[in-house]
Amino acid sequence: MRIVFASGQRRYLMLAIMAALLSACDPIVNVAGANYPAWMLCAIVGACGAGVTRPIFMALKIEPYLFPRPLVYLSLGLIFGCATWIAFFNRI
């Protein structure tokens, strides 16, 4: 039996298969006997880093000048997460 795909469906199917196969290639962190992907640790560090910077910005009285606050804190979380990845999981 042959499966017939529409023109765009084959490409999306191949992308989904490649994403599923490549998702197992990330570094694994062992925390108390449980294995977690390294990106999860970086996301947690990024969220905590963005949360810690808010009181600092409030103490310095610069938070009212941050125009789109959700975008600023999202960007800070991304910066902290990427810095963690580069510092601990970079293989260069």
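No value in this document is a laboratory result; all are computed from the given coordinates. All of these numbers come straight from a predicted model, not from anything done at the bench.
Using the Karplus equation 6.51 cos²θ - 1.76 cosθ + 1.60 (θ = phi - 60°), what ³J(HN,Hα) coupling, rounded to whole Hz, does each residue of the range 62-75 give in order, writing x for Gly and Pro?
So the Karplus estimates, Gly and Pro as x, are 10, 5, x, 8, 7, 5, x, 4, x, 5, 5, 6, 5, 5 Hz.
Quick one: which residues, 5+ away or cross-chain, put their amide H under 5 Å from the amide H of residue 29? H built at 1.01 Å from N.
36, 38
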